[in-house]
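S.K.: Next up is a structure, given as structure tokens.
The values are calculated or read from the model by the stated rules, or taken from the named source; none is laboratory data. No experiment lies behind these values; they were computed from the predicted model shown. Neighbour counts are summed over all protein chains in view; Cβ atoms, including those assigned to glycine, are modelled from backbone coordinates with ideal geometry. Areas reflect the complete protein model, heavy atoms only, side chains present, ligands, DNA and RNA absent. Shrake-Rupley method; radii C 1.70, N 1.55, O 1.52, S 1.80 Å.
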Amino acid sequence: VRLVESGGGLVQPGGSLRLSCRASGSIFSVFAPQDWGWYSQAPGKQRELVASITDSRSTYYADSVNGRFTISRDNSRKMVYLQMNSLKPEDTAVYYCNSLNDPLRWGQGTQVNVSS
């Protein structure tokens with residue numbers, strides 16, 4: 001299984017982006033029961049969890065993104081999404097997705113740059 005993130009880019013403060021993560025090679029019975037998360041890694045900092053979603057669609061958000069980001073999933077497509085609104089310069093980072101239950105090899109991530 002390979003994780004493929006996409007959707008990043010350069011956006012002005014206050015703007016929006018929608019990140020996508022595809023678990024390529026995964027099968028539904030493996031993808032669906034797992035909890036999935038989005039992580040961010042800013043330059044010089046450790047990777048940290050910003051949002052997660054369980055198999056029953058319960059969600060968690062870090063304080064820094066709560067109310068601005070929304071995580072969702074589509075089991076039939078083996079996809080995880082992160083809707084990012086009201087973006088701030090401090091959201092600038094590389095964003096990754098991964099399983100919380102049985103982490104896979106990290107993908108290449110997708111770069112988000114928030115700057116005027």
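S.K.: Ile53: net charge of surrounding residues, Cβ under 12 Å, Lys/Arg +1, Asp/Glu -1, itself excluded?
M.R.: -1
S.K.: While we're looking at this one, here's another question. Run the numbers on segment 51-116 and let me know its relative contact order in percent, using alpha-carbon pairs under 8 Å that are six or more apart.
M.R.: 22 percent.
S.K.: Further, regarding this structure: Please give the FRET efficiency for Arg105 paired with Asp74, using the beta carbon to beta carbon distance and R0 = 22 Å, rounded to the nearest 0.05.
M.R.: Step by step, r from the Cβ atoms, then E = 0.50.
S.K.: Oh, and also: Expressed as a rounded percentage, what relative contact order does the chain have, with Cα pairs under 8 Å and six or more residues apart?
M.R.: Value for the chain: 38 percent.
S.K.: I would also like to ask the following. Mind putting a number on the dipole of the chain about its Cα centre? Charges go on the C-beta only, +1 for Lys and Arg and -1 for Asp and Glu, and I need it in Debye to the nearest 20.
M.R.: 260
S.K.: Next question. Show that you can apply the helix-only estimate: for the chain, add -39,500 (n - 2.57) for every DSSP H stretch of four or more residues, divide by all residues, and state [θ] at 222 nm to the nearest 500.
M.R.: -500 deg cm²/dmol
S.K.: Computing the accessible area with a 1.4 Å probe over protein heavy atoms, can you report the carbon and sulfur percentage for the chain?
M.R.: 46
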